[in-house]
Amino acid sequence: MRKNSPWGFVALAALAAAGCTSEMTAQKVRIEIPAIPTLKTGDFAEIVLAPFRLEKEVKDFDLNQDLADYFQDQLKTKFKGPISVKTVAWTGTEAATDAAFWKKAALGPAGTIVLTGKAAFAQESRKALLSTEKRKFEGPFEPEKKWAERRNFDLKLDVLVLKADTGEVVFQNTFQDTLNYENMRQTPAFAFHDLLLRIKPRLFRALFGAEKTQERFLLLK
């Protein structure tokens, strides 16, 4: 019978070590993902901000004025041309996408685009039932707070971008977000601005192709 050579054991050990070192490891990385822009800033000369059609009047503040102020300021980072605010008389019968309505409004010549749409802002108070289990060091006579109250705000923007001279819609999408506050005295105006801050990155990414940071895993040997 042929005896096993000691060199055979050495070779097997080397192969096992090589197999161990070839194991893959994953490293998390953050990368910027570009998006294809809907609007190319070189294709138009001016942006006009028109009032949003409100599903329900907001009594606490001027929603359209706040929208106009916010977008007029933020759009300057993407567009270096003129940005103006113009009024439109909504009668409650026309559709926001009615080309004839916008042509009649005459908000600008060819090369002008209009940012408008529909807006809905709602607020309400909500109560949630908390756990009734006592904490480990809670005194036996301490009052139990079974309910927690939150103030909820919701903003929905049906955004339209259209050509001022023809009324042709070049962009249409809905953006919605909700915030809950423990502070029951939170004012609607501040909540509205917080919601705009959350919606703006999604809107600008859709309009101008702003980059979005995403996490990926890189496999390493």
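Within region 42-64, being exposed (fewer than 13 other Cβ atoms within 10 Å of the Cβ) and over 26 Å from ASP194 (Cβ atoms) holds for GLY42, ASP43.
Yes/no matrix, rows are residues, columns are (1) assigned to a loop (DSSP other than H, G, I, E, B); (2) farther than 21 Å from ASP62 by Cβ; (3) modelled with pLDDT of 90 or more; (4) touching a Lys or Arg at 6+ places or on another chain (Cβ under 6 Å):
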residue: PHE141; (1), (2), (3), (4): yes, yes, no, no
residue: GLU144; (1), (2), (3), (4): yes, yes, no, no
residue: PHE153; (1), (2), (3), (4): no, no, yes, no
residue: VAL159; (1), (2), (3), (4): no, no, yes, no
residue: THR174; (1), (2), (3), (4): no, yes, yes, no
residue: ASN180; (1), (2), (3), (4): no, yes, yes, yes
residue: PHE190; (1), (2), (3), (4): no, no, yes, no
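This table checks each residue for (1) acidic (Asp, Glu); (2) under 30 Å from ARG185 (Cα atoms); (3) at pLDDT 95 or above; (4) not in a loop (DSSP other than H, G, I, E, B).
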position: LEU67; (1), (2), (3), (4): no, yes, yes, yes
position: GLY81; (1), (2), (3), (4): no, no, no, no
position: THR87; (1), (2), (3), (4): no, no, no, no
position: THR97; (1), (2), (3), (4): no, no, no, no
position: LYS104; (1), (2), (3), (4): no, no, no, yes
position: LEU115; (1), (2), (3), (4): no, no, yes, yes
position: PHE121; (1), (2), (3), (4): no, yes, yes, yes
position: ARG126; (1), (2), (3), (4): no, yes, no, yes
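Considering LEU179, LEU155, LEU160, the condition of being surrounded by 16 or more Cβ atoms within 10 Å (Cβ to Cβ), closer than 30 Å to ALA99 by Cβ and without any contact (Cβ under 8 Å) to a residue 60 or more places away in the chain is satisfied by LEU155 alone.
When restricted to residues that are touching a Lys or Arg at 6+ places or on another chain (Cβ under 9 Å) and of a type in the set (Gly, Ala, Ser), region 38-67 contains 1.
The values are calculated or read from the model by the stated rules, or taken from the named source; none is laboratory data. Here the structure is a predicted model, which means the values were calculated and not measured. All Cβ positions, glycine included, derive from the backbone under ideal geometry; neighbour counts span all protein chains shown.
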